[in-house]
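For reference, the structure discussed in these notes is given below.
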Amino acid sequence: MRDNERKLKNAREALEEKKQPDGFIRVTDNPVEGLTSEQKAILNRKANVMFNNGNIDDARRIYITTGYSDGLTRVGDHYMDKNESLKALKQYTLAHNTRKAEPIYTNIAKVISVLLKD
């Protein structure tokens, strides 16, 4: 049990270092280095519980830290359900989910096109 506590402490510290201010699109291809597969699995399970309990922001930070694309996609879907397409786009981009990001880019292009015609 002591080894798991140490691993979780290291993972928490890595998560704290990874916190970023919200921006438009900030892509990271590199999850925190030094996390083992076991640590990532533990963190992702914890984030899934957070997500299911409505703590979306903390779950999102963990998913970014671990590089868990399915979790990031779920967060993006949550934002789309709330009509927050730019926040969703950020998550889809981080998850490398082009299938879900492309329609948002298309909508942005349509809006810009209409604005340029006026």
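Packing, taken as the mean count of other beta carbons within 10 Å per residue, orders the peptides 80-89, 56-65, 41-50, 109-118 from highest to lowest as 56-65, 41-50, 80-89, 109-118. Extension gain for the segment residue 99 to residue 41, taken as residue separation times 0.36 nm less the Cα-Cα distance, is 18.4 nm to one decimal.
Restricting the calculation to Cα atoms, every distinct pair contributes to the Kirkwood radius of segment 65-118, found to be 11.5 Å. Listed values for segment 49-63 are Karplus-derived 3J(HN,Hα) couplings in whole Hz (6.51 cos²θ - 1.76 cosθ + 1.60, θ = phi - 60°), namely 5, 4, 4, 5, 8, x, 8, 5, 5, 5, 4, 4, 4, 5, 4, and x replaces Gly and Pro.
Since every read-out is calculated from the coordinates, none of them should be taken as a lab result. The structure presented is a predicted model; accordingly, all values stated were derived computationally and were not measured. Neighbour counts are summed over all protein chains in view; Cβ atoms, including those assigned to glycine, are modelled from backbone coordinates with ideal geometry.
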